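A short worksheet on the structure shown next.
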Amino acid sequence: VQLQASGGGLVEAGGSLKLSCKHSGMILSMFSGSTLAWYRQRSGPQRESVATLGPSGSRNYADSVQGRFTISKDNSKRTTYLQMTGLNSEDTAVYYCKATYGAQEYWGRGTLVTVSS
């Protein structure tokens, strides 16, 4: 299983970006049964959870992105998305996707989002 995040880039404050995370090597039952998430890493080593999407469809968001970010998935494409709107400088970070299936965790390489003010 490999996760590949994409869609990062440079955007002006107030703008939008949509990140994608392709889960290669995951069969449908595994993908649909996984908890899918986006994390980000700003300055320092800590990654913070931004958004999660459970197998039942439940969603959770960090307070800082609530109402601005939306996590979604496409089972047929084995892909997770993070739609980001109203971006500000605090959203500048490397964004990582993660899939958790039982005791197994899979991380993708990050994609850099830079918000210019």
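The values are calculated or read from the model by the stated rules, or taken from the named source; none is laboratory data. Just so it is clear, the structure is predicted and the values come from calculations on it, not from any experiment. No Cβ is skipped: glycine too gets one built from the backbone with ideal geometry, and neighbour counts run over all protein chains shown. Surface areas here come from the heavy atoms of the whole protein model, side chains and all, with no ligands, DNA or RNA. Shrake-Rupley method; radii C 1.70, N 1.55, O 1.52, S 1.80 Å.
Out of the DSSP beta bridges found with both residues in the chain, what percent are antiparallel (nearest 5)?
Here the share of antiparallel DSSP bridges comes out near 85 percent.
At 0.36 nm per residue, and after removing the present C-alpha to C-alpha distance, how many nm does the segment from R59 to A13 gain when stretched out fully?
14.0 nm
Around G86, under 13 Å between beta carbons, what's the net of Lys plus Arg minus Asp minus Glu among the other residues?
In short, -2.
Taking the Cβ of F69 as the centre, find all other residues whose Cβ is under 12 Å away and add up their charges (Lys, Arg: +1; Asp, Glu: -1).
Around F69, the charge tally is +2.
State the three equivalent ellipsoid semi-axes of the chain, derived from the C-alpha gyration tensor as the square roots of 5 times its eigenvalues, in descending order and whole Å.
24, 14, 13
So with the 1.4 Å probe, I'd like the accessible area per residue for the chain, rounded to whole Å².
Heavy-atom accessible area per residue stands at 51 Å².
Could you calculate the contour length gain from R42 to Q2, that is, 0.36 nm times the residue separation minus the distance between their Cα atoms, to one decimal place in nm?
12.1 nm
Taking K98 as the anchor, which aspartates and glutamates have their alpha carbon closer than 16 Å to its alpha carbon, excluding any fewer than eight residues away along the same chain?
E48, D74
About the Cα centre of the chain, how large is the charge dipole given +1 on each Lys and Arg Cβ and -1 on each Asp and Glu Cβ? Please answer in debye to the nearest 20.
The calculated dipole for the chain is roughly 300 debye.
So for the pair S117, L28, with labels modelled 7 Å out along Cα→Cβ, what separation do we get in nm?
4.8 nm
For every helix of n ≥ 4 consecutive DSSP H residues, a contribution of -39,500 (n - 2.57) applies; sum these over the chain, divide by its total residues, and give [θ] at 222 nm rounded to the nearest 500 deg cm²/dmol.
My calculation for the chain gives -1000 deg cm²/dmol from helical runs alone.
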